[in-house]
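Okay, so here's the structure we're looking at.
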Amino acid sequence: MWNPFKKNKNPNPNQTGMLQALAMKKMMKMDPKEREKLTQDMMKPENHGKILKAMDMMKKTGMLSDEQMEEAKRKIGM
């Protein structure tokens, strides 16, 4: 019998969750100027700790590999 609460034994690390998908759709629908402003606000030096914490959590849950984490850090200048 199908159980909607059963955990997936082999999760796909490239598959996004429901909230992540909604956030990505909202970002893509935004005006490009608004999106750029939001991105610049997010990348302020005082937010680097929050970004690193989120990336570490993603690495622990298997959403990011070591290579992906290093590449992301390099791209955002950390």
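Taking label points 7 Å from Cα along the Cα-to-Cβ direction, residue 76 and residue 58 give a separation of 0.7 nm.
Across region 56-71, rounded Karplus estimates of 3J(HN,Hα) from the backbone phi angles (6.51 cos²θ - 1.76 cosθ + 1.60, θ = phi - 60°) give 5, 5, 5, 5, 5, 7, x, 7, 10, 8, 4, 4, 5, 5, 5, 5 Hz, Gly and Pro being marked x. Taking a straight line from the alpha carbon of residue 73, these lysines sit under 27 Å away, with near neighbours fewer than eight places off in the same chain left out: 25, 26, 29, 33, 37, 44, 50, 53, 59, 60. Springs between Cα atoms under 10 Å define the GNM used for the chain, and in it the highest mean-square fluctuation of 63, 24, 55 occurs at 24.
Both the radius of gyration and Dmax for the chain are 15.6, 51 Å, in that order, over alpha-carbon atoms. Between residue 42 and residue 8, residue separation times 0.36 nm minus the direct Cα-Cα distance comes to 9.0 nm.
None of the figures in this text is laboratory data; all of them are computed from the coordinates on show. Fair warning: this is a prediction, and the values are worked out from it, not measured in the lab. Cβ coordinates were reconstructed from backbone atoms using ideal geometry, including for glycine residues, and neighbour counts include every protein chain displayed.
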